[in-house]
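Encoded as structure tokens, the structure appears first; notes follow it.
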């Protein structure tokens, strides 16, 4: 009886060792399946972000119209008129026509630029030409001479509802392409006295200086 009990103990210990050794293997096998089931925006962003560009703008400061500068006595005491210094700023844009190299951005980003440069996600940099702009709607259209561009598909902003998830892609503070997410907080915002025509989509996604002209997209990657 004692021998039988000892044998049973040996079998129990052996079975326990087997289960112990199999448990980590089962956990490791299940891990990739669990990871792949986690929600992620990565596939959509891989498709969309190449269409969002960084924009660097050099603009001339407005010349000060001071009649005293024409007075020789004034110039003798205070020196000649100082030339206005160039100003540099950064913003974002969206490629809307890859064949023609059209990039859509804001008028306040590039409308007054004397030199405009566009940098793609892959690091390529091109000078840009201002095709046209409209201050009332704060829209500007640029053109670059580049190949192998990626455009972004436009969506229907009229179909948006408060609470829909959205993603903002831009170049905050000139640091490079950055992605933030949030929801549509309100629709049809106006009365802010920012532009002549106001019909804004409000979102709680983080928007910082430099994001202007960038993309706000739905979760399926459509520009709104």
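The values are calculated or read from the model by the stated rules, or taken from the named source; none is laboratory data. Computed from a prediction, not measured in an experiment: that's the story for all the values here. No Cβ is skipped: glycine too gets one built from the backbone with ideal geometry, and neighbour counts run over all protein chains shown.
Among 210, 221, which is out of contact with any strand residue (DSSP E or B) (no Cβ under 8 Å at 6 or more places or on another chain) and either in a strand (DSSP E or B) or crowded, with 18+ Cβ neighbours inside 10 Å (or both)?
221
If we scan segment 56-78, do we find a residue that is within 27 Å of residue 180 (Cβ to Cβ) and modelled with pLDDT of 90 or more?
Looking through segment 56-78, at least one residue is within 27 Å of residue 180 (Cβ to Cβ) and modelled with pLDDT of 90 or more.
Picking from 129, 135, 161, which residue would you name as being farther than 21 Å from residue 48 by Cα and at pLDDT below 95? It would help to see each step written out before you state the result.
Values: 129 fails: at pLDDT below 95; 161 fails: at pLDDT below 95.
Exactly one residue qualifies, and that residue is 135.
Could you check, for segment 143-150, whether at least one of its residues is under 30 Å from residue 88 (Cα atoms), part of a strand (DSSP E or B) and over 12 Å from the mean Cα position of the chain (by Cα)?
Going residue by residue through segment 143-150, those that are under 30 Å from residue 88 (Cα atoms) are 143-150.
From what is left, the residues that are part of a strand (DSSP E or B) are 143.
Filter again for over 12 Å from the mean Cα position of the chain (by Cα), leaving 143.
Scanning segment 143-150, I find at least one residue that is under 30 Å from residue 88 (Cα atoms), part of a strand (DSSP E or B) and over 12 Å from the mean Cα position of the chain (by Cα), so the answer is yes.
So if I check each of 88, 44, which one is over 23 Å from residue 173 (Cα atoms), modelled with pLDDT of 65 or more and either within 23 Å of the chain's Cα centre (by Cα) or part of a strand (DSSP E or B) (or both)? Outline the logic, then answer.
Values: 88 fails: over 23 Å from residue 173 (Cα atoms).
Being over 23 Å from residue 173 (Cα atoms), modelled with pLDDT of 65 or more and either within 23 Å of the chain's Cα centre (by Cα) or part of a strand (DSSP E or B) (or both) holds for just one of 88, 44, which is 44.
Just give me the residues in segment 98-132 being surrounded by 20 or more Cβ atoms within 10 Å (Cβ to Cβ) and farther than 21 Å from residue 176 by Cα, in sequence order.
none
Scan segment 188-203 for residues that are assigned to a loop (DSSP other than H, G, I, E, B) and either loosely packed, with under 14 Cβ neighbours inside 10 Å or at positive phi (or both) and jot them down.
Across segment 188-203, the qualifying residues are 190, 191, 192, 193, 194, 196, 197, 199.
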